[in-house]
Amino acid sequence: MRTRLGYASGSLVTGAFNTLPGLLLLPYLTDTLGVGAAAAGAAVLLPKAWDVLLTPVAGRVGDRAHGRRAGARHAFVLGGGLAVAASFALMFAGFATGAAGALWAAGGFLLTATAFAFFQAAYAALPAELSADPQTRLRLVGGRVAGLAVAALVAGAAAPAVV
């Protein structure tokens with residue numbers, strides 16, 4: 001049970017990454033920084049596209065690191081999750097408005113997407129290492145999906161407080 005709950009808690013990172021930029025970043029860019037809607041959309045889209053391209057590369061890096069030492073995926077999950085949190089904070093810590101503020105936020109989101117790619121690739125591969133039993137792996141992944149739903153709800157509900 002402890003392993004299942006611990007593994008499911010990683011969904012907080014996934015839920016935050018998938019929910020918060022849509023709820024917070026676009027309004028932050030347009031309403032707070034005064035960036036046009038098209039530029040704000042690009043600032044959100046490009047890091048997401050980067051994440052799609054980088055995740056397979058991050059998976060290969062994780063696979064190679066795992067082959068060399070036991071527990072390497074755990075390091076990617078922990079390090080990537082902490083880096084996602086830190087770069088999310090950095091994304092909203094800009095002190096400029098307009099184009100400079102948008103570049104700061106977009107750069108922070110790009111760092112967030114990079115950290116998330118390394119986190120997600122290792123996190124998705126982890127059930128196969130935690131158990132050889134298919135039923136146990138199914139329970140782990142089921143917990144991850146349930147945790148993702150809860151994380152998305154919590155992130156959505158907490159977004160106004162963050163603003």
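The values are calculated or read from the model by the stated rules, or taken from the named source; none is laboratory data. Everything numeric in this text was worked out from a predicted model, so none of it was measured. A quick note on method: Cβ atoms are made from the backbone with ideal geometry, for glycine too, and the neighbour counts reach across all protein chains shown. What goes into the accessible areas is simple: the full protein's heavy atoms, side chains included, and nothing from ligands, DNA or RNA. Shrake-Rupley method; radii C 1.70, N 1.55, O 1.52, S 1.80 Å.
Before moving on, here are some points about what is shown:
- Peptides 10-16, 94-100, 32-38 ranked from most to least packed by the mean count of surrounding Cβ atoms within 10 Å: 10-16, 32-38, 94-100.
- Expressed as a whole percent, the accessible surface of the stretch 80-152 that belongs to carbon and sulfur atoms is 76, based on a 1.4 Å probe.
- Charge dipole (debye, nearest 20) of the chain; +1 at Cβ of Lys and Arg, -1 at Cβ of Asp and Glu: 600
- Taking only the Cα atoms of the chain, the ratio Rg/Rh comes out at 1.02, with Rh defined as the Kirkwood radius.
- Where the alpha-carbon atoms of the stretch 14-98 are placed on the principal axes, they occupy 48, 22, 21 Å, in descending order.
- With coordinates expressed along the principal axes, the C-alpha atoms belonging to the stretch 96-163 extend over 53, 26, 10 Å, beginning with the largest.
- Membrane-span-like helices in the chain, defined here as complete DSSP H runs extending at least 20 Å along the helix axis by their C-alpha atoms with mean Kyte-Doolittle hydropathy no lower than 0.5, are 72-91, 98-130, 134-162; this is a sequence and geometry rule, not a statement about a membrane.
- Per residue value of the accessible surface for the stretch 1-144 (all protein chains in place, 1.4 Å probe), Å²: 52
- For Ser131, nonlocal amide neighbours, meaning residues 5 or more places apart or on other chains whose placed amide H falls under 5 Å from its own, do not occur.
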